[in-house]
Amino acid sequence: METIESLRRRIGVTEDLREVVKTMKTLSAVSIRQYEKAVASLRQYSRTVEMGIQIVMRGRREENTQPRPAPGRRLGAIVFGSELGMCGQFNELLVSFALDKFKELQVAQKDRAVVAVGARAVSRLEEAGEQVESHFAVPGAVGGITSRVQELLLQIEAWQCPGGIDRIMLFHQQPVSGATYRPQAMPLLPVDLDWLESLGQKPWPSRVLPTFTMARPRLVYALLGQYLFVSLYRAFAESLASENAARLAAMQAAENNIEDRLRELRLQYNQLRQSTITEELLDIVAGFEALTEK
């Protein structure tokens, strides 16, 4: 049976838990903002890279008439999950989406190599029977994204050794609005030749065309390297923004549940305290009546 002291301790523990949840809500809200700013800052840089590719590809239509190689059977997948929990179904939905995509592309398990970002994504993939080739830690702030992108670029370069993997896809959560997000599959390599040709055919926004002195193949290689960097950086930033949005929603639901539980505990505490006081008063009255009768 509950006592006043035990109820008081439970109320204290629940109030401490509420403060922890409020702190996590605040941290998630602040983190969402910094990652959203990172995504927004990438848009202009990405546009600059695309304009550079557009200039390089202008007038190169005649060089792109040779037959295009068929995509290889092997697939390299990079799955961006979370390092910490308490973010709802964030990792489960992403892993389920990636596995469905593998089936849709008809890629056998022996023909795919999977790299996971985040310990939670690793555990979810292994629970689903997927072999994880290697994994990377999720950066704790925007400043740590660049180093992780460089590590992933080295992994991609290792995949592309002769006879290796030439088809690479990114799987990450993409923010939609507010605290909502959706899984996204983005082909990274090989670069879409139709997209390159469409860039070369787009009209230039001004009358003056930029020129370049670097050798065209070298310049194309450098611009495509920047394109890969921007794509990976955006995947990291969008995944981290979605993770914090999911954690914010989970903490909001937890806070509501804690408030409901606190109301129940306080009601029980007040009822038990009132009944204890009533019993003590009845004992005093009964003792007084007994002494009066004597």
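The values are calculated or read from the model by the stated rules, or taken from the named source; none is laboratory data. In this text, all values refer to a predicted model and were calculated from it rather than measured experimentally. In this analysis, Cβ positions are derived from the backbone assuming ideal geometry, glycine residues included, and neighbour counts consider all displayed protein chains.
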Report yes if some residue within region 173-182 is among the hydroxyl-bearing types (Ser, Thr, Tyr) and crowded, with 20+ Cβ neighbours inside 10 Å; otherwise report no.
yes
Name the single residue, out of those in region 161-192 being in a loop (DSSP other than H, G, I, E, B) and either outside the structural domain of Ala113 (by TED's automatic domain parsing) or in contact (Cβ under 8 Å) with a residue 24 or more places away in the chain (or both), that is farthest from Ala98 (Cα to Cα).
Gly178
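Among residues belonging to region 85-118 that are assigned to a loop (DSSP other than H, G, I, E, B) and of a type in the set (S, T, N, Q), point out the one that is farthest from Thr180 (Cα to Cα).
Restricting to residues being assigned to a loop (DSSP other than H, G, I, E, B) and of a type in the set (S, T, N, Q), the top hit is Gln106.
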So, of the residues in region 88-112 that are hydrophobic (A, V, I, L, M, F, W, C) and closer than 15 Å to Ser123 by Cα, which turns out to be farthest from the chain's Cα centre (by Cα)?
Leu99
The number of residues in region 265-283 that are surrounded by 12 or more Cβ atoms within 10 Å (Cβ to Cβ) and of a type outside the set (A, V, I, L, M) is 5
Of those in region 1-19 that are surrounded by fewer than 14 Cβ atoms within 10 Å (Cβ to Cβ) and among the hydrophobic types (A, V, I, L, M, F, W, C), the residue nearest to Arg263 (Cα to Cα) is Val13
Scan region 193-212 residue by residue and report those that are assigned to a helix (DSSP H, G or I), farther than 15 Å from Thr48 by Cα and not polar (S, T, N, Q).
Leu193, Asp194, Trp195, Glu197
Which numbered condition in (1) in contact (Cβ under 8 Å) with a residue 12 or more places away in the chain; (2) among the hydrophobic types (A, V, I, L, M, F, W, C); (3) farther than 27 Å from Arg148 by Cα is the only one that Ala253 fails?
(1)
